[in-house]
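Novice: To start, I am sharing the structure in question, which I have written as structure tokens.
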Amino acid sequence: MLEALLGGIIIAAGLGTVMMLKFEESRDQKDTTVAQQSGLILDAAKAYIEDSFAIVEANAQADSDHIIEIAISTIQAADYLPPSFQNVNGYGQTYTVYVRWLAENQLEVIVPTQGGQAIAEARVPRVAAKIGANGGYVTSASQARGAQGGWEMTITPYQIAGAALTTGHILATQYYADGQLIADYLYRNVVPGMPEANRMYTAIDMNGNDLNAVNAVSAVTMVASTEVSGNIVNAATELRIGSQSLDENRAAMINALYEAECTVGQVLTRRDGNFTCEVASGVPSGAIAAFAGACPIGWSEYAAAQGRFLIGVGTANGQSYSVGQIGGEAFHTLTIAEMPSHRHDVVGRSVVDSAGSGGSSLYHAAQNPTMSTTWGNAVQATGGNQPHENRPPYVAVRWCAKG
């Protein structure tokens, strides 16, 4: 008796499970059919709009809300849907095509469902996913979301234009540029009013290649195995250096600085994850050095040294020198006071003898001199009075000061 009762319970449980699986399978099949129906309407709308793009765009642009409604019966009458097509899905919802003019040659198209029974909140994303990348669903009176979060859009303009878009309903979307449907790939240039055309919805694997000429990088989390460098690096949540966050690195540096007690002339350096005090090897600001060419980055020409030799500050040989003091001459003209002491006197003697002959003692010796006179004459002036070279042999270099 007990065995029969247990057997009945097991059989009932098994039947219940089978019935639940069958029910779920039935609902899944209904969702698939609804999604396929949406895809069929999307394809028909695409063909209709591309063949009549100029007319559709003109009508949408002329509308006060820039939004027009294209009834499914209109598309069906134009032979883009079969005559047997029924505009109602398994949830009793109907389809409508709305076209919104965004800019010249730019259209946004949505195909939502309206009315009928609302699809359960847990199931509506699954139906949207079955439609594909264009599939989505209404999340609020103002927003719709793509399958698996692939896109988001504002539906308020359509509500204002008279659409009744509510939660529990699916919504598919398409974008057109220059009469053509925008395909499911990234556009290099901005598509006005269509941010989705320039947005990725999955991770990019660069396969070891670079991203070059990046102006700014903005991310929630940045992880680098070796180095992060650039003009601007923004991390909304966390920027990690190795295994530590930026804040952890900063705290470690402060702690290491406190414990290391670096002395004057030493700097705190991180090597292999450890902080140590090392002698500073950088060139200090204000240093002056000679270069054969232009001053390097961070240096500027030391104008005070142009055409001049450098001399040490201090006192030597009775002269005192201070920083910035300028003196000396490239060329110099001697003054009388600077000449060595010397003479250029010429002294002669004139004589007359008894015979009446006479002459100079420099040139002629008189016979029997009876009278003599001593005289003096100046030597004729010579020289150009020009300055003389006052520099030792030299080679010109460029003196630069560290900023």
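Novice: I'd like to know if region 33-44 contains one or more residues that are in a helix (DSSP H, G or I) and over 22 Å from Leu181 (Cβ atoms).
Specialist: Within region 33-44, one or more residues are in a helix (DSSP H, G or I) and over 22 Å from Leu181 (Cβ atoms).
Novice: Which of (1) farther than 17 Å from Leu42 by Cα; (2) in contact (Cβ under 8 Å) with a residue 40 or more places away in the chain does Pro125 not meet, given it meets every other one?
Specialist: Only one criterion is unmet by Pro125, namely (2).
Novice: Can you tell me which of Ala147, Ala103 is modelled with pLDDT under 90, exposed (fewer than 15 other Cβ atoms within 10 Å of the Cβ) and at negative phi?
Specialist: Answer to the check: Ala103.
Novice: Right, here's the next one. Applying the selection to region 284-328, what residues are without any contact (Cβ under 8 Å) to a residue 60 or more places away in the chain, within 11 Å of Cys400 (Cα to Cα) and surrounded by fewer than 10 Cβ atoms within 10 Å (Cβ to Cβ)?
Specialist: The answer is Ile297, Ala303.
Novice: Would you be able to tell me the number of residues in region 187-201 that are modelled with pLDDT under 70 and either exposed (fewer than 10 other Cβ atoms within 10 Å of the Cβ) or at positive phi (or both)?
Specialist: 3
Novice: A follow-up question, please. Give the residues of region 37-51 that are surrounded by 15 or more Cβ atoms within 10 Å (Cβ to Cβ) and of a type outside the set (A, V, I, L, M), sorted by residue number.
Specialist: Listed by number, the residues that qualify are Gln37, Ser38, Gly39, Lys46, Tyr48.
Novice: Pull up region 150-186, narrow it to residues that are more than 27 Å from Ala120 (Cα to Cα) and in a strand (DSSP E or B), then point me to the one that is modelled with the lowest pLDDT.
Specialist: In this case the residue turns out to be Gln180.
Novice: Looking at region 111-126, can you tell me whether even one residue there is of a type in the set (S, T, N, Q), buried (at least 16 other Cβ atoms within 10 Å of the Cβ) and within 40 Å of the chain's Cα centre (by Cα)?
Specialist: no
Novice: I've got another one for you. When you scan region 266-380 for strands (runs of 3 or more DSSP E) that lie fully inside it, which ones turn up with 3 or more residues that are at pLDDT 80 or above?
Specialist: 288-291, 299-301, 314-316, 319-321
The values are calculated or read from the model by the stated rules, or taken from the named source; none is laboratory data. Please read these numbers as outputs of a predicted model, since none were measured by experiment. Cβ coordinates were reconstructed from backbone atoms using ideal geometry, including for glycine residues, and neighbour counts include every protein chain displayed.
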